[in-house]
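Asks: One structure, pasted below without further comment.
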Amino acid sequence: MTTPSQAQVRSIVAQAKTIVVKVGSSSLTSSTGHLDVARLSALVAALAEVRRMDANVVLVSSGAIAAGFGPLGFDSRPIDVTTQQATASVGQGLLMAHYEAAFGRYGIRVGQILITAEDTIRSVQYRNAQRTLKRLLQLGVVPIVNENDALASNEIRFGDNDRLSALVANLVRADALVLLTDVDGLYTAPPSEKDAKRLGYVPNVEKILDKVRVSGSGSGIGTGGMVTKLEAVHVAAASGIPSVLTCAENAGPALLGDPVGTAFAPIRHRGSSRRLWIGYAAAPRGELIVDDGAAQAVRGGRASLLAAGVVAVDRDFSAGDPVWICDEEGNHLAKGLSSFDSEEIAQMLGKNTSELKSEFGAEYAHPLVHRDNLVLV
Ligand SMILES: Nc1ncnc2c1ncn2[C@@H]1O[C@H](COP(=O)(O)OP(=O)(O)O)[C@@H](O)[C@H]1O
Ligand SMILES: N[C@@H](CCC(=O)OP(=O)(O)O)C(=O)O
């Protein structure tokens, strides 16, 4: 695809019909780490302006832990996961109360959506979240999304909201993603280093990944630092969605398309949201190992995966789960959604369609992974 100019990217952001804005903990808090309601209100003023122009806004907001630890009598953000979860449970309600009051001043309703990483893996939950978000936007509501910290299991949690925001941008098929943090853009090195320079425009995020030096959170309040923000921008760019990264104080100008912060161009055309989900969010639960002929067909990009070409199935999974499709050397060729349980597939290996039909019935005479549910890696 031809790379848009910075002016074109800025204009996509300004004219977005649907925009996802992510605000990090570090931008909603005071120097002591407590929720700063004045900063939250300033952000809401900028978002209300976008709503006034009739664009759909989805806000991905961190800040539950920041809002919860003071009222619970802690001096600082808790460090252990269980106390963080309990703190987020208290803080999430308080955070929403502040958002409700702040958006209410502009006559705007908000709705809370709490997502776990699991919801982005399972196809049914994914569709469900997508439907609810869509309906909220149709109703003129600003959905406010956070990770469901109270219930997220330690092994599979986003932790930061950066990557979650890129997945939400895909879920709602946003035209642009704006990441608001405590630094005014991407620098060539952590901004505490004296020769670090801000980049105004990044035409291809993949080409700068090994040229900039990034580190974790500078403030110690946020979680992912610049590492997860670049991952989010990368997912968005590869999904055809441009991003702007800047500080929360620049929210207004950034949303109006002014040249603040760092703008990132999309690097690929937009695919279907379902394929993007399979490609980025879905963590494979098992593997289908295919012979040379099937590997060639899969690599061609247009074929479904038939049982006849599958030589082995690895690990237990259910129909609808994401799986790796691998060649016999163990190389990952594609990710796809399996149409059958692993137990069923074990019986179907190597059989052609008419054998499947006569042995198991017509409902088994189908590809193990349909081409619409398959994404090359
Ligand atoms: N190359 C870089 N450019 C800009 N910021 C960087 C870079 N490397 C690390 N950072 C740090 O990332 C921090 C933002 O991440 P974080 O604290 O997690 O914020 P948030 O709470 O908004 O997610 C900045 O304060 C900055 O110190
Ligand atoms: N979900 C957590 C956010 C964790 C966090 O700090 O995220 P971020 O500020 O985006 O790096 C919360 O609401 O407190």
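A short reminder: the numbers here are calculations on the coordinates, not readings from a lab. If you're wondering where the values come from, they're calculated on a predicted model, not measured in any experiment. We place every Cβ from the backbone using ideal geometry, glycine too, and count neighbours over all the protein chains shown.
Asks: Given contacts defined as C-alpha pairs under 8 Å and at least six residues apart, what's the relative contact order of region 6-278, whole-number percent? Walk me through the numbers before you get to the answer.
Replies: On the way: 554 pairs, mean separation 64.7, N = 273.
With pairs under 8 Å counted, the relative contact order is 24 percent.
Asks: What's the whole-number percent of alpha carbon pairs in region 284-376 lying beyond 18 angstrom? Before the final figure, lay out each step's value.
Replies: Details: 1449 of 4278 pairs.
Value for region 284-376 (Cα pairs over 18 Å): 34 percent.
Asks: Among 168, 142, 227, determine the one that fluctuates most according to a GNM of the chain built with springs between C-alpha atoms less than 10 Å apart.
Replies: 227
Asks: If you don't mind, there's one more thing I want to ask. Order of 304-314, 48-58 by packing, highest average Cβ count within 10 Å first? Each step should come with its number before you reach the end.
Replies: On the way: 304-314: 20.2, 48-58: 17.8.
Put in order of decreasing packing, that is 304-314, 48-58.
Asks: Find how many whole Å separate the alpha carbon centroid of region 45-108 from the alpha carbon centroid of region 283-356.
Replies: For region 283-356 versus region 45-108, the Cα centre distance is 43 Å.
Asks: Oh, and also: Is region 180-326 rounded, prolate or oblate when judged by the Cα gyration tensor, a ≥ b ≥ c being the square roots of its eigenvalues, rounded requiring a/c under 1.5 and prolate requiring a/b larger than b/c?
Replies: Working: a/c = 2.78, a/b = 2.37, b/c = 1.18.
Prolate shape, in that a/c is at least 1.5 and a/b is the bigger ratio.
Asks: Taking a quarter of the surface of the Cα convex hull of the chain, what do you get in nm²? Walk me through the intermediate numbers first.
Replies: On the way: hull surface 79.4 nm².
So the mean shadow area of the Cα hull is 19.9 nm².
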